[in-house]
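Single-structure report; data block below.
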Amino acid sequence: MKRVLLILLCAMSLPLFAAKEKLTNVSITYDYLSNDRNESKAEAEIHAIEKAKRRALEKAFGVDVSSIVVSMDRENFEEGRLFSDEEFFSLGSTVAKGEWIETVTEKILSIYHDGDVWHVRVFVEGKAREKSGVPIDLQYAFINNSHDKQNRTTYYDNDDIFLRFTSPVSGALCVYLIDNEKTAYCLLPYMRSEKGYQDVRANRDYVFFSSDRDKEADEYVLTTQTAVEHNVLYVIFSPNKFTKARDRKGARNWRKQQVPRNLPYKDFVEWLAKVQTADKNMQVRTEVISIFQ
């Protein structure tokens, strides 16, 4: 029988606690102007915080100019147009030469809607480190159908979710989600795994959370009790072996359906800070999705 794990998520920012490595203090006050008329207040706040952190990293460590040129050329070729700097920087978090490790302060200083778009002023303060080496070219997409290939950020109540993943090098992979109760759920490795990580072989196209691909897979359904929810997923990969955080067996939710293994929020971010600062080859990516009724 197919095992379906039902998960109710809400978006939140993840402050990481300091590890022993020497880190750089960074901070910035940032004004965010939404470029999407359909963006909600909650989405605008999330995007404002994300962009503020990115700007703080760029200010402290500089920008990889070669990456900007290559990315702009690629977008120009695929989309038939050239992005402005502002548009380009909204595409990803790998351009700055630094990476965010610990959040000290996140504040929404002001927010208002001018009848067209949101205006948000935020202040962020944290600790970061300079990146070393070249990031691993991971390819991943959260999808609703196991045959899809394009990343999907919008879902509806009771939609399935899968992860398509490819790496140019072999390594270890973990996937987590965080809910508004400050609980971290381990989606990968699966509940029955005793390794503490998911083996990934180089150049192989994986589709996780699908029992069609793996009989031992846990499958997930996204639900919401509100009009819309914004959720955050973490993809954590390293060519070096590492193990997931120490967690416990999940209870059953309000619908009496099994939820994944989990641990308190504070324990998760402490674990992530330790493994990330101990392994400079580790790649940590986040994805924000929305679930509608």
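Tabulated data
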read-out: Leading residue by the ranking (nearest to R201 (Cα to Cα)) among those in the stretch 165-189 that are under 15 Å from the mean Cα position of the chain (by Cα) and either surrounded by fewer than 21 Cβ atoms within 10 Å (Cβ to Cβ) or of a type in the set (F, W, Y) (or both); value: F165
read-out: Extreme residue, nearest to the chain's Cα centre (by Cα), among residues of the stretch 127-152 that are surrounded by fewer than 17 Cβ atoms within 10 Å (Cβ to Cβ), more than 27 Å from S40 (Cα to Cα) and not charged (D, E, K, R); value: Q139
read-out: Test: residue in the stretch 104-125 that is farther than 21 Å from E39 by Cβ and at pLDDT below 70; value: no
read-out: Single condition I161 does not satisfy, out of (1) within 26 Å of R248 (Cβ to Cβ); (2) at pLDDT 95 or above; value: (2)
read-out: Filter result for V124 (assigned to a strand (DSSP E or B) and surrounded by 22 or more Cβ atoms within 10 Å (Cβ to Cβ)); value: yes
read-out: Matching option when the condition is at pLDDT below 85, out of contact with any Ser or Thr (no Cβ under 9 Å at 6 or more places or on another chain), in a helix (DSSP H, G or I) and not assigned by TED's automatic domain parsing to the domain that holds V228, among N38, N76; value: N76
read-out: Hits in the stretch 152-210 (condition: charged (D, E, K, R) and either touching a Leu at 6+ places or on another chain (Cβ under 9 Å) or not assigned by TED's automatic domain parsing to the domain that holds V259 (or both)); value: D157, D159, D160, D179, D199
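To keep it simple, each residue is scored yes or no on (1) within 17 Å of I143 (Cα to Cα); (2) part of a loop (DSSP other than H, G, I, E, B).
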| site | (1), (2) |
| --- | --- |
| L163 | yes, no |
| A172 | no, no |
| A184 | no, no |
| S211 | yes, yes |
| F242 | no, yes |
| R246 | no, yes |
| E270 | no, no |
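Every residue, every condition in (1) touching a helix residue (DSSP H, G or I) at 6+ places or on another chain (Cβ under 6 Å); (2) in contact (Cβ under 8 Å) with a residue 24 or more places away in the chain, yes or no:
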{"residue": "G98", "(1), (2)": "yes, yes"}
{"residue": "D116", "(1), (2)": "no, yes"}
{"residue": "H119", "(1), (2)": "no, yes"}
{"residue": "V124", "(1), (2)": "yes, yes"}
{"residue": "Y140", "(1), (2)": "no, yes"}
{"residue": "N145", "(1), (2)": "no, no"}
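This table checks each residue for (1) closer than 29 Å to A42 by Cα; (2) aliphatic (A, V, I, L, M).
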{"position": "V169", "(1), (2)": "no, yes"}
{"position": "A172", "(1), (2)": "no, yes"}
{"position": "C186", "(1), (2)": "yes, no"}
{"position": "N203", "(1), (2)": "no, no"}
{"position": "D212", "(1), (2)": "no, no"}
{"position": "V228", "(1), (2)": "yes, yes"}
{"position": "N240", "(1), (2)": "no, no"}
{"position": "R246", "(1), (2)": "no, no"}
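The values are calculated or read from the model by the stated rules, or taken from the named source; none is laboratory data. What you are looking at is a predicted structure, and each value in this text was computed from that prediction instead of being measured. Positions of Cβ are backbone-derived with ideal geometry, glycine not excepted, and every protein chain shown enters the neighbour counts.
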